[in-house]
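A quick write-up on the structure given underneath.
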Amino acid sequence: MEQYKQEFIEFMVDSDVLKFGSFTLKSGRKSPFFMNAGSYVTGAQLKKLGEYYAKAIHDKFGTDFDVLFGPAYKGIPLSVATAIAFHELYGKEIKYCSNRKEEKDHGGDAGILLGSPIKDGDRVVIIEDVTTSGKSIEETFPIIKTQGDVTILGLMVSLNRMEKGKTEQSALDEIQEKYGFKASAIVSMAEVIEHLYNREYKGRVLIDDELKAAIDDYYEVYGVK
């Protein structure tokens, strides 16, 4: 596993973004782990988060794209932080763009978009925190495509939960199949488990045998076969 992925897993834990225990998800599923990207709140955290996204996007898509699109609302700071990091790490100017939940009908920046306009010929990478149902892509895909002759290269999220979406496939695989672009994550839960299982981190074992058994039971029901 790449060094930055290992560091990102520890960064999620340190930022209280990735937690282990017993959680009821929005879907009603009882999960032994929970991720909340809303817990990235400081300048230092957002700077590092942007760098991890930039490295993962660079690994997957290189530098040959023009726009980072972050669906409202959580995608807005992600797209901004990552655009800054991409410039600092790779010297490439990437524009950021996001959608508004409600279209603005006045002023110099009226319309549905924030940030850079998207135009014919632009190559776009969509950036999100985590995808469980693909609902935000359903909303934003048509917005992007109506801007012109635009190529969507793919989607990058922070964590692949590796569980069923609406079908027997994972949410990321469903998106890839439905829209025809790559759907990737900085890390997967398999990589999280590989890195943390029975390993002491800052004086405690985050995934011990008991929690590992709970995760295995969860994936037996909700995991992608």
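Can you tell which of 97, 57, 24 lies farthest toward the positive end of the dipole of segment 1-141, using +1 and -1 charges on the Cβ of basic and acidic side chains (Lys, Arg; Asp, Glu)?
24
To the nearest µm²/s, what D does Stokes-Einstein give for segment 3-222 at 4 °C and 1.567 mPa s, using the Kirkwood radius over alpha carbon pairs as Rh?
71 µm²/s
Pop out the ³J(HN,Hα) list for segment 217-224 in order, Karplus 6.51 cos²θ - 1.76 cosθ + 1.60 with θ = phi - 60°, rounded to Hz; leave Gly and Pro as x.
5, 4, 6, 4, 8, 10, x, 7
At a 1.4 Å probe, what is the % contribution of carbon and sulfur to the accessible area of the chain?
49 percent
Determine which residues of segment 49-93 fall in the zone a paramagnetic label at residue 146 would reach in this model, i.e. backbone nitrogen under 16 Å from the point 7 Å along Cα→Cβ.
Label zone hits: 72.
Using R₀ = 22 Å, calculate the FRET efficiency as 1/(1 + (r/R₀)^6) where r is the Cβ-Cβ separation of residue 138 and residue 112; round to 0.05.
0.90
Accessible area per residue for segment 3-222 in Å², computed with a 1.4 Å probe and the full protein assembly in place, what is it?
Each residue of segment 3-222 exposes 48 Å² on average to a 1.4 Å probe.
Rounded to the nearest 500 deg cm²/dmol, what is the calculated helix-only ellipticity per residue at 222 nm for the chain, with -39500 (n - 2.57) per DSSP H run of length n ≥ 4?
Roughly -12500 deg cm²/dmol at 222 nm, from the helical runs in the chain.
Only Cα pairs under 8 Å and at least 6 apart count here; give the relative contact order of the chain as a rounded whole percent.
Result for the chain is 17 percent.
Taking amide H positions as placed in the peptide plane 1.01 Å from N, state which residues far from residue 127 in sequence (5 or more) or on other chains have amide H under 5 Å from it.
Correct list: 69, 70, 156.
What pairs from 135/202; 60/135; 60/145; 5/101; 47/164 go past 26 Å between their alpha carbons?
135/202; 5/101; 47/164
Go through 26-33, 211-218, 93-100 and give me the packing order, highest mean Cβ count within 10 Å leading.
Ranking, from highest mean packing down: 93-100, 211-218, 26-33.
Let me spell out the model: positive unit charges on the Cβ of Lys and Arg, negative unit charges on the Cβ of Asp and Glu, origin at the Cα centre of segment 3-222. What dipole size does that give, in debye rounded to 20?
340 debye
The values are calculated or read from the model by the stated rules, or taken from the named source; none is laboratory data. None of the values given here were measured: they were computed from a predicted structure. Cβ atoms come from the backbone with ideal geometry, glycine included; neighbour counts cover every protein chain shown. Heavy atoms of the whole protein, side chains included, go into the accessibility calculation; ligands, DNA and RNA do not. Shrake-Rupley method; radii C 1.70, N 1.55, O 1.52, S 1.80 Å.
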